[in-house]
Amino acid sequence: METKRLKTKGETMIERAESQFWAYNTNNKYSQQDLVLLDNVQFIYELSLAELELKTFGIDFQVTNGLREFKLLNKSNELNKLLKRRGAYYKTIEGEFTDYFHIIQKNQTRSVNQYLTHWIYPYKGKFHPQMIRALLNIIGLKKGDIVFEPFSGSGTAALEAQLLGIDFVGIDISPLCVIQGRVKTESIYVLDEILKLKDEVITKFMPNLFSTETNYYRLIKGITSDKRVINFYNMARLLAVSDNSRRKRDFRTSFIKNLNLMIASVKDFIETKERLNLKLGNVKIENGDSRDVKLSNNSVDGIITSPPYSIALDYVQNDAHSLKDLGFDVSRMRKDFIGVRGTGRSRVELYNADIEKSYSEMYRVLKPNKYAVIVIGNATYQGKEVKTAEFTIKYMESLGFKLIKNINKIIFGLYNVMKKENILIFKKEK
Ligand SMILES: C[S@@+](CC[C@H](N)C(=O)[O-])C[C@H]1O[C@@H](n2cnc3c(N)ncnc32)[C@H](O)[C@@H]1O
């Protein structure tokens, strides 16, 4: 007789976690207090950013009730509206849910900060989106202003700027990052076309979708000429490639699952935009080199970025499976990626020279009296700490930036691994 194997404790826990999607209970009655923090706000740096946000909005406040609520000292309808529409860390204002609270409900994942299209593609070293929303507010950016991201990565800042109606210009040396950022911010404009092609992609291409002879990318180009739709379907494949390479998941199952989740997230985004009547910012993401930026002098209203942390993470190696699948020569690519060029000591020296060039470019393109935010952490290389944060402060100040705030962002992540980063806010003074 066949006996059924009992599940291990770990398996049961994973099953339970995987069956629960992340969401607040919106039916609860919420406190009529002036301003209540979101439940996911846990760290000191977040409280600090919440306070800076309030100060930028011109709000006087007192922190109350175990640090989770604020009493507002100068109330007005206008300030309430501003907080409700733009605030990043608040659940309710006088009992009414904020826009951000509604936005984060639209989440197809189990992670609180991967709402709307943020989750698409498992990119290492993503910004925390809530922090970016707060920083966009803190540096005083408004609708129609331009924020520049010279290392745009997975497109976190692109999506957050777009949601606040701020125009975004971003570059990244990795073509994979360009696709990620564009898919997250542009798919909402082409959902009908995406849906129209879905059955064709699945039925026509599916039998040999992942065989080496089928050139999926050419097939997709053959059925649509819209670059945004092409990027969307290319990304669905890259998610399956990544799932297969990292987690050994079956290609086809993963492709269908991710395609459906991507479509659901794009629908969520459109629904949220309409429900909250959001006027989205324009987004432009290009393949480019932060050491040689194609923007004019004094042309952007703010910069928010996080450069490679010295040589901490090999971005080329990390995404090699997807870059190769897209047809790129991974070894040739390395020569332009900051932080992965050279070996041994020369690697650190090359990093320093490259990052200096990038910081000079930031100085050149930023308008005077505007702010540049750099999120950076120290790295360890060959057993030694590389003091990237200190290096950044010193070099930025030599260019004519003034350090306005240096917030320590110490967090304990998965398995209690400590991550220490600094949020550095500079002003272009000279
Ligand atoms: C820390 S990540 C940025 C992550 C991003 N903030 C996010 O939320 O996903 C650093 C990025 O720098 C990019 N990069 C490396 N060298 C570059 C260069 N020369 N020019 C532009 N981007 C570069 C890498 O491809 C990587 O995406």
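The values are calculated or read from the model by the stated rules, or taken from the named source; none is laboratory data. Since the structure is predicted, the reported quantities are computational estimates derived from the model, not experimental observations. Note that we place each Cβ from the backbone using ideal geometry, even for glycine, and neighbour counts take in every protein chain shown. Side chains are part of the model used for accessible areas, which takes the heavy atoms of the whole protein and leaves out ligands, DNA and RNA. Shrake-Rupley method; radii C 1.70, N 1.55, O 1.52, S 1.80 Å.
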Which distance in Å, rounded to a whole number, links the C-alpha centroids of the stretch 283-312 and the stretch 391-408? 17
Provide 53, 78, 429 ordered by accessible surface of protein heavy atoms (probe 1.4 Å), highest first. 78, 429, 53
Exceeding the 24 Å Cα-Cα cut-off - candidates 55/409; 124/196; 357/428; 198/257; 106/126; 126/284: 124/196
State to the nearest 20 debye the size of the charge dipole of the chain about its Cα centre, where the only charges are +1 on K and R beta carbons and -1 on D and E beta carbons. 400
Can you give the accessible area of residue 321, probe radius 1.4 Å, in Å² rounded to 10? 40
Put +1 on the Cβ of each Lys and Arg and -1 on the Cβ of each Asp and Glu in the chain; which of 270, 151, 224 then has its Cα farthest toward the positive end of the dipole? 151
What pairs from 84/427; 387/427; 267/294; 221/419; 184/248; 335/405 go past 31 Å between their alpha carbons? 267/294; 221/419; 335/405
In the chain, what percentage of the DSSP-assigned beta bridges are antiparallel, given to the nearest 5? 65
Would you kindly derive the ³J(HN,Hα) couplings of the stretch 87-100 from the backbone phi angles with the Karplus curve 6.51 cos²θ - 1.76 cosθ + 1.60 (θ = phi - 60°), listing them in order in whole Hz, with x for Gly and Pro? x, 10, 10, 10, 8, 9, 10, 6, x, 9, 5, 7, 4, 4
Enter the accessible area of residue 396 (Å², nearest 10), with the probe set to 1.4 Å and all protein chains included. 0
For 225, 76, 296, 265, the accessible-area ranking with a 1.4 Å probe, largest leading, is 225, 296, 76, 265
Shape of the stretch 230-325 from its Cα gyration tensor (a ≥ b ≥ c, root eigenvalues): rounded if a/c is under 1.5, otherwise prolate when a/b > b/c, or oblate? oblate
Can you classify the stretch 323-430 as rounded, prolate or oblate using the Cα gyration tensor, where a ≥ b ≥ c are the square roots of its eigenvalues, rounded means a/c under 1.5, and otherwise it's prolate if a/b beats b/c and oblate if not? oblate
Taking the Cα centre of the stretch 253-330 as the origin, how large is its charge dipole in debye, to the nearest 20, when only Lys and Arg (+1) and Asp and Glu (-1) carry charge on their Cβ atoms? 340
Place +1 on the Cβ of every Lys and Arg and -1 on the Cβ of every Asp and Glu in the chain, take the dipole about the Cα centre, and give the residue among 215, 63, 130 whose Cα lies farthest towards its positive end. 215
Sorting 101, 391 on solvent-accessible surface, 1.4 Å probe, most exposed first, gives 391, 101
Given charges at beta-carbon only (K, R positive; D, E negative), |dipole| of the stretch 36-76 in Debye: 140
Before I look further, what does the chain give for accessible area per residue, probe 1.4 Å, in whole square angstrom? 48
Give the relative contact order (percent, whole number) for the chain; include only Cα pairs under 8 Å separated by 6+ residues. 14
Describe numerically, in nm with one decimal, the distance between label points set 7 Å from Cα along Cα→Cβ at residue 326 and at residue 381. 2.5
Check: C-alpha center the stretch 48-89 vs C-alpha center the stretch 236-256, spacing in Å is 43
Using alpha carbon centers only, the stretch 334-376 is separated from the stretch 140-188 by a whole-angstrom value of 19
How large is the convex hull of the C-alpha atoms of the chain per residue, in Å³? 185
